[in-house]
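In what follows, a structure is listed as C-alpha cells, so that the remarks can point back to it.
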There are 2 protein chains.
Amino acid sequence: MALSNEIRFSKKRTWSHDLPISYLMQQGVENPGVLSLAAGLVDQNSLPVSITKNAFESLFSDSGAAREALQYGTTAGSLSLRKLLLTHLTNLEQKSAEELGVTVDNLIVTTGSQQYLSLLGEVLLDPGDICLVAAPTYFVFLGVLQGLGARIISVDTDESGMRMDSLDSTLEMLESQGQLDRVKMIYLVSDYENPSGLSLSVERRKQVIGVAQKWSKQHRIHILEDLAYRELCYDGPVLPSIRSFDKTGETVILTQTFSKSFAPGLRVGFGVASKQVCAAISDKKGNDDFGSTNMSQHILADALRENLYYDHVDYLRSVYREKRDCMLDSAESYFSKFRNVHWIHPRGGLYVWMTLPESIETGFQSPLFQKAIHQDKVMYVPGELCYAFDHGIDSSEQPVIQKNHMRLTFGVQNIEGIREGMKRLSDAVKSFI
Amino acid sequence: MALSNEIRFSKKRTWSHDLPISYLMQQGVENPGVLSLAAGLVDQNSLPVSITKNAFESLFSDSGAAREALQYGTTAGSLSLRKLLLTHLTNLEQKSAEELGVTVDNLIVTTGSQQYLSLLGEVLLDPGDICLVAAPTYFVFLGVLQGLGARIISVDTDESGMRMDSLDSTLEMLESQGQLDRVKMIYLVSDYENPSGLSLSVERRKQVIGVAQKWSKQHRIHILEDLAYRELCYDGPVLPSIRSFDKTGETVILTQTFSKSFAPGLRVGFGVASKQVCAAISDKKGNDDFGSTNMSQHILADALRENLYYDHVDYLRSVYREKRDCMLDSAESYFSKFRNVHWIHPRGGLYVWMTLPESIETGFQSPLFQKAIHQDKVMYVPGELCYAFDHGIDSSEQPVIQKNHMRLTFGVQNIEGIREGMKRLSDAVKSFI
C-alpha cells in the first residue's frame, strides 16, 4: 500500500485558516516602503522604557523577589498583581470592590486580553453556538469565533453603538426559529470600538443587561464586555462599564488589557467573571500554558504599586490626543473636498472609521486597495473584515456587509507619518471618486 | 417565564474539569506545613537572577531595543530569538540546520512548551481522534488530550521507553477495528520522561519513525517529541533526538522549553514542525494571543547570544546532579529496608519513580496519600494519574493502570528538604508494609 503524507488537520484548523490579519502582515512585509495606517501597534516613542527599567531594577534589587518572578507562578496569575488589579478596577469604576461584587478570585491574568477572549470562547462555545456582535466590530474576535465554529450574528449599530431594539428583535427572531438555546453570548466593545471609534451610550449599557437576562430562558446568556481601550480617553465623559450595572456580577464578563495603556510586549491582560466561569477558564488555561509570563506580571505590579502606571497613562492620553487630532485635521485637509466621504471623530481609542461613496469598494482585491498599496504606498484595514455574515438567517434579517469603509489608525505612525499617510490615501481615493 | 441562570458550558469544558493538578495545588495550599515532593517547580536558589539582570540591562541600555521589546512582536516569535534557537538546536543535535532540514520558518516560539503541546493538539485533533502515549507518561498532556475529547491509547513501556513491538501491534489492532483513520499522533518524551525518568533508547528513536510511516496509510501520523528535559543530563550519554533521524522533517514535531534549563517565569518554549503544521499553529496562536511575551524573548535572546545561558546550564546540571544523588541516597537509606519497594535511577530530568508493593495503592483517596499529607506532612504525585485508560478497546489490549507508584521530584526542595521529605515518606509507607 502506498503511504500517505497528507496531513489531516482538525476541523477547527480548517475554520481558522486564511485569517485576514495574516494577509495584512504579509502585505506589510512584502511592501516595505508602505506607510501603514493599518497596523494595530501602539505608539513606539511613548513606550514606558524608564518605568519598566525602574520596575525591573526595584524587583531585581531583592533576589528573593527576583527568584519569585523567575519561578512558575499560578495559572490565575500573581496574587499581588491581582490585588492591584482589583484596586485598579475600583478606581476606574469609582465603586468599591464590594459594590462591584468582585474579589481577587473573580480575576484571571492572561496573555493580553486577547487570550481571555479566546479562552472564554473555548469554554462557552460549541460549534454552531451563537455569539451576537455589533456591525462592525473587532475583526480578530470574529476570527476567534470562526475558529471555534461558532455562528456570528451581527446586530445593527448606530452612533450610540449596538442598537438595543435590534438586539432584542434578533433574539426574538432566533427564538422563533428555535435557535435561542444556541445563543451563548453578546460581545460588546464599550469604549471607542475597534474599528468604528464609537462608544455604547450609558443608557444602552444599562439596557443590555436586561435584554440578556430577558432572553436567558434556557440558560444564561453572557455579555462579554471588551474594555481594551477604556483608559485611552481624550475627551470626556468617561463612562461606567456595563459590568458596573450588573448587580449580581453573573451576566457580564469584563476584560481589559495593558497592551494599549502600557506595553503590549509584556502581554498582560485580565478578565473578571463569576467563579464558575473563572474555574472553567482557569482549567483551560492550566492545560494551555500554566499561566502567563510571571516576570511581566511582577513588573506591571511594581508600576501599578508606585503609581508610575497612572502617570504614564496621563502622558499617553496627551500623546494620542495629538495624534488623533492630526489624523482628523489631515482628513479635513485631504478628504473634505470629496463628496460623500465622511469619518467619525472618536473620543478615544486608536481608530478613525472612514466611509467612502458606496460605489468604492475597499477590500483586499479592490482596485482601491491594490492602488493604495502598490502605487501610493499606504495601507489601511478594509472595513468589510469587521462585518460578519451568518448563512443561517435570511439576509434581510441581518445588517449588510458594508464594503466602502476603511479602518485607519493613528496608533503607530508619528505626526509626520499620519499626515503623509493621509495624503497618500487621499491620492489613492481621488482616482476613484 | 422564569429566567434561567444556569451556565451551559462548551463540551470541551466538561471534558477538562476536575484536573488532578488543581487537586494537588489545592492540597498544597490547604496543608501549608506539607513538604512537597510533588510540585513541578524548579530549584529556587539556582534561578538565573544575575544573568537575567545583565540581559535586561543590556537590552534597556539601548532605548530602541527596549522599545522593540515593549512593542507587539510577531505571532511566531522574535526573529532574532528564532535564529538563536536554530543555532541552539544544531548545537544540541550536532548537526547543521541543513542536515536537519530546519530554518527559522519551521520554528514557533510559545508560552513554554506546554502551549506548543496544546496548540498542536488543537490543530490536529478532533474529538474521538487518537493519540498513542507511553504508560506511564506526562499527566498534564493527558489532561490536554482529554480536554480536546481525544482518545488516549497507552502503549507498553519498559526500561528503554515505549516498546516498538507494542506500538506496532496496537496500531495493527486499531486498523483491524477500522480505527486507524482516527490515529493522529504518537506522543513521546524522549529524555528522562516525566514521571518515570526513563529515556527512549537510540534504537527505538530510529525505529519509531518507520512505525509511524508504516501506519500512515490514510494520512500522516505525526510523532510529537517532547524534549522538555533534554538539557538536564547528569550522566551520559546524551542521545540524539528522534527528530534528528527524520530525514524529510515531516514526521516528527519537536518541542523544547527554557522553563527547566533557565527560568519558567519567562515562559519561553518553542517547537519545530513542517511548514504546513507551523502555519496551522501560527493561525491558532494568532487568534489565541498574537504571540508570547516579547520582552522575555528579548532577554532570553541576549542570554543565548552571550553564551551566559550555556554556562548556566552547566551550573544547573551540577546543582540537580547533587539533588538527584541526595534523593537516591535517601531512598537507599529509608526505603531499602522495605521488601518489594524499588525505584528508578534517572540519568537526568527531575523525577524519581518509586514502586511500592502491589497491595499498596497511592491515589488521592488511598490511605497512604491521606496519611502522608495529614500525618507525615509530605506530598507526592500518585502514579496512576500518569496512565490513560481507553474505553474503546478491550482492557486486555492495553497496559493496566498501575496504582502502586509514586512520582517524586527533587526539583523544588533543597538537600535538607529532600532528605526530610524522603524520611517522612518512608514513615508514611512503613505502616502499610
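Placing a label point 7 Å from Cα along the Cα-to-Cβ direction at B:Q177 gives distances to the equivalent points in the other copies of 4.0 nm, listed shortest first.
Would you grab the residues whose amide H sits under 5 Å from the one on B:S292? Only those 5+ places off in sequence or on another chain, please, with H modelled 1.01 Å from N. Distant-sequence amide H within range of B:S292: zero hits. The 3J(HN,Hα) values that the Karplus relation (6.51, -1.76, 1.60; θ = phi - 60°) gives for region B:96-111 are, in residue order, 6, 4, 5, 4, 7, x, 10, 10, 4, 6, 8, 10, 10, 8, 10, 7 Hz. Gly and Pro appear as x.
Dividing the alpha-carbon Rg of region B:24-77 by 2.2 N^0.38 Å yields what?
1.83
Between the C-alpha center of region A:85-121 and that of region B:78-128 there is a gap of 34 Å.
Given the options B:Q179, B:A97, B:S113, identify the residue whose Cα lies farthest towards the positive end of the charge dipole of region B:91-181 (+1 on Cβ of Lys, Arg; -1 on Cβ of Asp, Glu). Looking along the dipole axis, the top candidate is B:S113. Averaged over the residues of A:104-111, the number of partner chain Cβ atoms lying within 10 Å of the residue Cβ comes to 1.
Across the identical copies, the label point of A:L41 (7 Å from Cα in the Cβ direction) is separated from its matches by 3.8 nm, in order from shortest. For region A:336-345, putting each phi into the Karplus relation 6.51 cos²θ - 1.76 cosθ + 1.60 with θ = phi - 60° gives couplings of 5, 6, 8, 6, 6, 10, 9, 8, 8, 8 Hz, in residue order, rounded to whole numbers and with x for Gly and Pro. Taken along the Cα-to-beta-carbon direction at a fixed 7 Å, the label points for A:D126 and B:S96 span 5.4 nm. For B:V189, nonlocal amide neighbours, meaning residues 5 or more places apart or on other chains whose placed amide H falls under 5 Å from its own, are B:D226.
Computed over neighbours whose Cβ is under 10 Å from that of B:T90, the net charge equals -2, Lys and Arg +1, Asp and Glu -1.
Distant-in-sequence amide contacts of B:I223, defined by a placed amide H-H separation under 5 Å and a gap of 5 or more residues or a different chain, comprise B:I186, B:V252, B:I253.
Partner lysines whose Cα lies under 25 Å from the Cα of A:K206, excluding those fewer than 8 positions away in the same chain, are identified as A:K95, A:K184, A:K214, A:K217, A:K247, A:K275. The overall shape of region A:216-313, judged from the alpha-carbon gyration tensor, is oblate: a/c is not under 1.5, and a/b is no greater than b/c.
Semi-axes of the equivalent ellipsoid for chain A, computed as √(5λ) from the eigenvalues of its C-alpha gyration tensor and ordered from largest down, come to 32, 29, 23 Å. Each peptide in B:128-135, A:420-427, B:44-51 was scored by the mean count of other Cβ atoms within 10 Å over its residues; highest first, the order is B:128-135, A:420-427, B:44-51.
Rounded to the nearest 20, the size of the Cβ-charge dipole of the protein assembly as shown about its Cα centre is 160 debye, with Lys and Arg at +1 and Asp and Glu at -1. Divided by 2.2 N^0.38 Å, where N counts the residues, the Cα radius of gyration of region B:343-405 comes to 1.29. Considering only beta bridges that DSSP places wholly inside region B:50-306, some 35 percent are antiparallel.
The phi-based Karplus calculation (6.51 cos²θ - 1.76 cosθ + 1.60; θ = phi - 60°) puts the 3J(HN,Hα) values of region A:369-377 at 4, 5, 5, 4, 6, 8, 9, 8, 6 Hz, whole numbers, x for Gly and Pro.
Positive contributions from Lys and Arg (+1) and negative ones from Asp and Glu (-1), summed over other residues with Cβ under 15 Å from the Cβ of B:L59, come out at -2.
Counting Cβ atoms of other protein chains within 10 Å of each Cβ in A:62-69 and taking the mean gives 4. The rotation axis bringing chain A onto chain B passes closest to the chain A residue reported with its distance as A:T293, 2, by C-beta distance in whole Å. Residue ranges A:391-402, A:102-113 sort as A:102-113, A:391-402 when ordered by packing (mean number of other C-beta atoms within 10 Å per residue, highest first). Legend: calculated FRET efficiency, B:E420 to A:K275, from the Cβ-Cβ distance at R0 = 30 Å, rounded to 0.05, equals 0.25.
Which residues does a label at A:Y310 reach in region A:76-91, if reach means a backbone N under 12 Å from a point 7 Å past the Cα toward the Cβ? The answer is A:87-91. Counting Cβ atoms of other protein chains within 10 Å of each residue's Cβ and taking the mean over peptide A:262-271 gives 5. Taking the Cα centroid of region B:390-433 and of region B:255-307, what is the distance between the two, rounded to the nearest whole Å? The distance from the Cα centre of region B:390-433 to that of region B:255-307 comes to 32 Å. Counting only residues at least eight positions apart within a chain, or on another chain, the lysines with an alpha carbon under 28 Å from that of A:K423 are A:K260, A:K323, A:K337, A:K371, A:K377, A:K403.
Here B:E30 yields copy-to-copy label distances, from shortest upward, of 5.8 nm, the label point defined as 7 Å from Cα along Cα to C-beta.
Count charges around B:K217 for me, please; just the other residues with Cβ under 11 Å from its Cβ, Lys/Arg as +1, Asp/Glu as -1.
Net of charged neighbours comes to -1.
Among A:56-62, A:179-185, sorting by the average number of other beta carbon atoms lying within 10 angstrom of each residue, highest first, gives A:179-185, A:56-62.
Rule-based calculations on the coordinates, nothing more; no lab input. In this text, all values refer to a predicted model and were calculated from it rather than measured experimentally. A quick note on method: Cβ atoms are made from the backbone with ideal geometry, for glycine too, and the neighbour counts reach across all protein chains shown.
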